[in-house]
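K.L.:
Sending over a structure as structure tokens; questions will come in a sec.
The values are calculated or read from the model by the stated rules, or taken from the named source; none is laboratory data. Remember, it's a predicted structure, so these values are computed and weren't measured experimentally. Glycine gets a Cβ as well: all are built from the backbone with ideal geometry, and neighbour counts include every protein chain shown. Accessible surface areas use protein heavy atoms only, side chains included; no ligands, DNA or RNA. Shrake-Rupley method; radii C 1.70, N 1.55, O 1.52, S 1.80 Å.
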Amino acid sequence: NAGVTQTPKFRVLKTGQSMTLLCAQDMNHEYMYWYRQDPGMGLRLIHYSVGEGTTAKGEVPDGYNVSRLKKQNFLLGLESAAPSQTSVYFCASRNRDSYNEQFFGPGTRLTVL
Amino acid sequence: AQSVSQHNHHVILSEAASLELGCNYSYGGTVNLFWYVQYPGQHLQLLLKYFSGDPLVKGIKGFEAEFIKSKFSFNLRKPSVQWSDTAEYFCAVDGSYIPTFGRGTSLIVHP
């Protein structure tokens, strides 16, 4: 099992450029999440999904879009990147029951110039 | 709505010192509680969790946490820290399917 994988690991964008971050999990988990991690701010939820074809906004959704066309994949898109989106992005997945822990990917370090 | 508060943002200890990191939460119903650890440059991984039963939970690497329902607390402890425990520690609460994380505690252990 690869667990949760993220592509790419690093990326540098110019303001206004777009990109898509890919998260894939091979554990057949129903729930998937996208977080951003900034110093002193902990983990903040961007968007989440409770199943294939469904997505919902988290705490900081502005400037991001997501899609979950397949159960194992959860894509995070930035349509027009801004310097405020410079961050480390983590994807996580979890089974349905809330007593189950989340499994995290290795992260994507994004810099927007 | 659920929320989590971690009181210590930065902790610096010498090896063999004892550790206690505070975590308090607010939520009106039954919660599941987690501590995650993030070693430098790595992703978060589970340290321990509580969802029912014995309120004293033991995790990996000698860590333990105690759930005190009356105080809405889930403090993390370790009797004797090692240099390799240097990491960031996150408390999380989950009453539904959207876990809420605390802001994290950065622990530095000097050899």
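K.L.:
Could you list, in sequence order, all residues of region A:25-43 that are within 12 Å of A:Phe103 (Cα to Cα), over 10 Å from the mean Cα position of the chain (by Cα) and among the hydrophobic types (A, V, I, L, M, F, W, C)?
P.N.:
A:Met27
K.L.:
Okay, next question. Name every residue in region A:1-13 that is in contact with a strand residue (DSSP E or B) (Cβ under 7 Å, 6 or more places away or on another chain) and either part of a strand (DSSP E or B) or open to solvent by less than 80 Å² (accessible area, probe 1.4 Å) (or both), in order of residue number.
P.N.:
Selection gives A:Gly3, A:Val4, A:Thr5, A:Gln6, A:Thr7, A:Pro8, A:Phe10, A:Arg11, A:Val12, A:Leu13.
K.L.:
May I pose another question? Could you check, for region B:71-80, whether at least one of its residues is out of contact with any helix residue (DSSP H, G or I) (no Cβ under 6 Å at 6 or more places or on another chain) and within 28 Å of A:Gln6 (Cα to Cα)?
P.N.:
no
K.L.:
I'm trying to understand the selection: among the residues of region A:93-110, which are more than 12 Å from B:Ala92 (Cα to Cα), part of a loop (DSSP other than H, G, I, E, B) and facing chain B (nearest Cβ under 7 Å)?
P.N.:
Passing the criteria: A:Gly105, A:Pro106, A:Gly107.
K.L.:
Among A:Gly16, A:Gly40, which is the only one that is at pLDDT below 95 and either small (Gly, Ala, Ser) or outside any strand (DSSP E or B) (or both)? Before the answer, list the steps.
P.N.:
Values: A:Gly16 fails: at pLDDT below 95.
Within the list A:Gly16, A:Gly40, the selection yields A:Gly40.
K.L.:
Exactly one of (1) on the phi > 0 side of the Ramachandran plot; (2) facing another protein chain (nearest Cβ under 9 Å); (3) not β-branched (Val, Ile, Thr) is unmet by A:Tyr35. Its number?
P.N.:
(1)
K.L.:
Shifting gears a bit: Among the numbered criteria (1) in a loop (DSSP other than H, G, I, E, B); (2) more than 22 Å from B:Cys91 (Cα to Cα); (3) open to solvent by 40 Å² or more (accessible area, probe 1.4 Å), which single criterion is violated by A:Ser84?
P.N.:
(1)
K.L.:
Among the residues of region B:50-61, is any among the small types (Gly, Ala, Ser), part of a strand (DSSP E or B) and either in contact (Cβ under 8 Å) with a residue 12 or more places away in the chain or closer than 18 Å to B:Thr105 by Cβ (or both)?
P.N.:
There is no residue in region B:50-61 that is among the small types (Gly, Ala, Ser), part of a strand (DSSP E or B) and either in contact (Cβ under 8 Å) with a residue 12 or more places away in the chain or closer than 18 Å to B:Thr105 by Cβ (or both).
K.L.:
For the subset of region B:52-95 comprising residues that are within 14 Å of chain A (Cβ to nearest Cβ) and open to solvent by 50 Å² or more (accessible area, probe 1.4 Å), which member is farthest from A:Ser93 (Cα to Cα)?
P.N.:
B:Gly53
K.L.:
Let me ask something additional. Determine whether region B:16-23 contains at least one residue that is more than 11 Å from the chain's Cα centre (by Cα), of a type outside the set (A, V, I, L, M, F, W, C) and surrounded by 12 or more Cβ atoms within 10 Å (Cβ to Cβ).
P.N.:
Taking every residue of region B:16-23 in turn, none turns out to be more than 11 Å from the chain's Cα centre (by Cα), of a type outside the set (A, V, I, L, M, F, W, C) and surrounded by 12 or more Cβ atoms within 10 Å (Cβ to Cβ).
K.L.:
Somewhere in region B:96-106, is a residue assigned to a strand (DSSP E or B) and surrounded by fewer than 21 Cβ atoms within 10 Å (Cβ to Cβ)?
P.N.:
Looking through region B:96-106, at least one residue is assigned to a strand (DSSP E or B) and surrounded by fewer than 21 Cβ atoms within 10 Å (Cβ to Cβ).
K.L.:
For region B:1-47, give me each residue that is within 12 Å of chain A (Cβ to nearest Cβ) and either of a type in the set (Gly, Ala, Ser) or touching a helix residue (DSSP H, G or I) at 6+ places or on another chain (Cβ under 7 Å) (or both).
P.N.:
B:Ala1, B:Ser3, B:Ser5, B:Gly29, B:Gly41, B:Leu47
K.L.:
Another question, then. Tell me which residues, restricted to region A:25-36, are of a type outside the set (Asp, Glu) and open to solvent by 30 Å² or more (accessible area, probe 1.4 Å). Walk me through it before giving the result.
P.N.:
Just the residues of region A:25-36 that are of a type outside the set (Asp, Glu), to begin with: A:25, A:27-29, A:31-36.
Result: A:Met27, A:Asn28.
K.L.:
Is at least one residue of region A:61-80 in contact (Cβ under 8 Å) with a residue 40 or more places away in the chain, closer than 25 Å to B:Leu107 by Cα and open to solvent by less than 20 Å² (accessible area, probe 1.4 Å)?
P.N.:
No; the residues of region A:61-80 include none that is in contact (Cβ under 8 Å) with a residue 40 or more places away in the chain, closer than 25 Å to B:Leu107 by Cα and open to solvent by less than 20 Å² (accessible area, probe 1.4 Å).
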